[in-house]
Amino acid sequence: RQYQSKGYGAPMRIGLVLENRPDFFVHWLALNALGCSVLPISAASQLDEIAYFLEHGEPVLVVTIPERVDLLERACQLTAKPVPVIGLNRFRNLPEAPSSKAQLSGPEDNGKLECALLYTSGSTGKPKGCILSNEYFTQFGHWYRCLGGLAQIAWGEERLLTPLPLGHMNAMAVSTTGMIMNGGCIIQLDRFHSSTWWQTVRESKATILHYLGVLPAILLKLPVDKGDDFSGQIRFGFGAGVNPDHHQRFEQRFGFPLIESWAMTECGSGGCITANREPRHVGSACFGFATDTVQYQVVDEQKLPVIKGDNGELRVRANGAYPKQGFFSGYLKDPEATNEAWAGGWLNTGDIVRQGEDGQLHFVDRLKNVIRRSGENISALAVETHLLNDPVISEVIVTAVPDETRGDEVAACVVLGEKMKADEDMAVSIVLRSLSKLTYYKVPGYIIFCDELPKTASNKPRRAEITALAVSRLNHECCWDTRYLKKRQINK
């Protein structure tokens, strides 16, 4: 009513910086009822990142936790058209909506109307804004509650616990919408706390858990306890990216299956593939069969299908007359990137997979230059762009290196400027400067000093060679481990 009384409605977009708090649900659903879209922004984002989201996403208002008001106001001043910022503690002073409304993409009907704008990292540097419709969310909720098999959901009985961030597709579209449409309960944690995780699971009486691959890795490191068997309480865990070496160990120790699923923000439920039925080939990065509603191809560099057993890029689309059914509506202000994503009439995922002899799909690697650390997709190019602004750096390539706990870690192969000393103090200073500009998880966890970087004849970096170089030098004297510096930076 407060929003409505101040004139907010379709087709306005509202920025939300509310962390994993109950306030997020209240504001999202209230705004959705009025036809407004939401633009979630991580409270861990730094000034320049926030300014980009506000400039590109064009919200007419930002609602935030009180601790971030000052930072949000400073970010707004960096944009061409600053907008009001209101803290939750001052919400009674909500300003009037602007008389002129920035038009959102898509036709003005309930299903096609924009529900949320979620930013996803890509290989082009700046994050892309994925336009997600009401239909995207409702279809994902319907897909989840009808998944069946080992992921059978009982009407009105489930209690789903998740530590995943609101503002990401999993927490917003899968767990939240799925429980709303199934009469279930959503238990949203502020974040993952390993030391109290199982205590929280017991006390909350959760029946379903959502995870990222890093969670099983951390939980397996906890001391073995006589109460580790949750087979009488938890029906299944749902997520992606569990380390194949951890998968069976986790299920045997804790007594419930981890249902691996493949999806991306762009594909929604229209292209989601899940290993929810036996045999799941546990320990082989298997994410199952495509259902009758999903068409897929595994193709080579020429977009020609490969034979079973060979690696190739996964392409997906919805089966039937509407191949984009359930998918995102496009990238905001970037029709060229949208068309490129859908080149050939398929969503080109950039993920390398392999089809087994029985037809099930197995994840191999990412084709795109994206680093996936603890479930966060990090654009290597975006981090490189930032690092090149550092006066001590002459050249830099950012790549992924293996991390036992987090999947990938960010490594920066750095060529210093003249007369700069490649030592630990230099590595630490580079990382500390980065922490003031980038979200903590994007900052390099390794600084690897190099005399030069491998390049092609046209002076382009040989990224594959550089990645191999980075991995080979992790224990070299030229490499400095800076992971201990990567902590949340709370700016007020």
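The values are calculated or read from the model by the stated rules, or taken from the named source; none is laboratory data. Since we're looking at a predicted model, the values are computed, not measured. Glycine also receives a Cβ, built like all others from the backbone with ideal geometry; neighbour counts cover every protein chain displayed.
A Cβ distance below 6 Å, combined with a sequence gap of six or more or placement on separate chains, defines the contacts here; from the range 260-271, residues that are closer than 18 Å to Ala285 by Cβ reach residues that are in a loop (DSSP other than H, G, I, E, B) in the pairs Glu260/Ala275; Ala263/Cys272. Filtered by the rule that a residue be within 16 Å of Arg463 (Cα to Cα) and touching a residue at least 60 places away in the same chain (Cβ under 8 Å), the range 351-377 gives Lys368, Asn369, Val370.
What are the residues in the range 35-68 that are touching a residue at least 60 places away in the same chain (Cβ under 8 Å), of a type in the set (Ser, Thr, Tyr) and out of contact with any Lys or Arg (no Cβ under 6 Å at 6 or more places or on another chain), if any? Scanning the range 35-68 gives Ser42, Ser45, Tyr52. Here the range 353-394 is the region considered, the condition is being of a type in the set (Gly, Ala, Ser) and not assigned by TED's automatic domain parsing to the domain that holds Asp423, and the residue that is farthest from Val410 (Cα to Cα) is Gly359. Pro165 fails exactly one of the following numbered conditions: (1) modelled with pLDDT of 95 or more; (2) surrounded by 16 or more Cβ atoms within 10 Å (Cβ to Cβ); (3) not acidic (Asp, Glu). What is the number of that condition? For Pro165, the exception is condition (1). Just one of the numbered conditions (1) over 21 Å from Tyr440 (Cβ atoms); (2) buried (at least 21 other Cβ atoms within 10 Å of the Cβ); (3) among the aliphatic types (A, V, I, L, M) is not true of Ile50: (1). Taking (1) in contact with a strand residue (DSSP E or B) (Cβ under 7 Å, 6 or more places away or on another chain); (2) free of Cβ contacts under 8 Å to residues at least 40 places away in the same chain; (3) farther than 26 Å from Glu465 by Cβ in turn, Asp300 satisfies each apart from (3). Checked against the criterion of being part of a loop (DSSP other than H, G, I, E, B) and surrounded by 24 or more Cβ atoms within 10 Å (Cβ to Cβ), the range 250-270 has at least one qualifying residue. Screening the range 370-473 for helices (runs of 4 or more DSSP H) wholly inside it with 1 or more residues that are under 19 Å from the mean Cα position of the chain (by Cα) and under 26 Å from Pro127 (Cα atoms) returns the ranges 380-387. Taken across the range 82-102, residues that are β-branched (Val, Ile, Thr), assigned to a loop (DSSP other than H, G, I, E, B), on the phi < 0 side of the Ramachandran plot and at pLDDT 95 or above do occur, with at least one present.
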